[in-house]
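First comes the structure, then the notes that go with it.
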Amino acid sequence: MEILSNPLEGFWILKSKIIEDSRGHFQESFHQEKFERISDQKIVFVQTNRVFSLKGALRGLHLQRPPHTQSKLISVLSGEILDVALDVRLHSCTYGKYIIERLSYKNQKQLFLAKGFAHGFITLSDQAEVLYQCDAHYHCESEDGICYDDPQLAINWEYPIKKIILSEKDRQKKAFKDFTPVSL
């Protein structure tokens, strides 16, 4: 496992070595000790979620508020997504900044988001399967989010807005200017 990039404090783009042979390939997608050594982050995952989405499905921007904040490790098992991580930590020097990264089965990149990031993605391929591991359990009452098409953020989802598939819950997210930053 190596860190390809660390563009914001608490956000890492990771890649693991793939070993191929005549049967296919093997990949150690996460190794706790290695990750802690290279990132200086202590992490124990307690929940793994698997999401299947069709082309144009947008999920996000989601997070959980304290005391149920989550760090996440995001991987794509099939297909391709455009992933967005927005720093919403109150005292962060990168508050309000976001990173956009293409993740796919082909490029085998993974993202690690520390507590205090809002997260979302849109499926660019016909379908995609995403796996994300969390260091805290889902807590419905702590859910919060920001509108995916907030004009202040101006996120380029690289997909026609009129064709985006959204849940009713994601249609009702608040504007970034009305969002209360996360205090950790």
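Throughout, read-outs are computed from the coordinates displayed, never taken from laboratory work. Keep in mind that what you see is a predicted model, and the values were worked out from it rather than measured. Note: ideal-geometry Cβ built from the backbone for every residue, glycine included; neighbour counts use all protein chains shown.
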Cα point-scatterer Debye curve for region 1-55, base-10 log of I(q)/I(0) at q = 0.15, 0.23, 0.26, 0.29 Å⁻¹: -0.62, -1.04, -1.09, -1.15
Out-of-range pairs (alpha-carbon distance over 20 Å; input Lys109/Lys169; Lys97/Lys173; Lys97/Lys163; Lys15/Lys72; Lys17/Lys42; Lys17/Lys55): Lys109/Lys169; Lys97/Lys163; Lys17/Lys42; Lys17/Lys55
Give, rounded to the nearest 20 debye, the magnitude of the charge dipole that region 2-178 has about its Cα centre when Lys and Arg contribute +1 at Cβ and Asp and Glu contribute -1 at Cβ. 200
Principal axis box of the chain, alpha-carbon based, largest edge first, Å: 52, 37, 28
Per-peptide average of other Cβ atoms within 10 Å, ordering 27-38, 97-108 highest first: 97-108, 27-38
Along the positive direction of the dipole of the chain (beta-carbon charges: Lys, Arg +1; Asp, Glu -1; about the Cα centre), which of Leu124, Tyr105, Asn6 reaches farthest? Leu124
Just to check I understand the Karplus step: with θ = phi - 60° and J = 6.51 cos²θ - 1.76 cosθ + 1.60, what whole-Hz values come out for region 167-176, glycine and proline as x? 7, 4, 4, 6, 5, 9, 5, 7, 6, 4
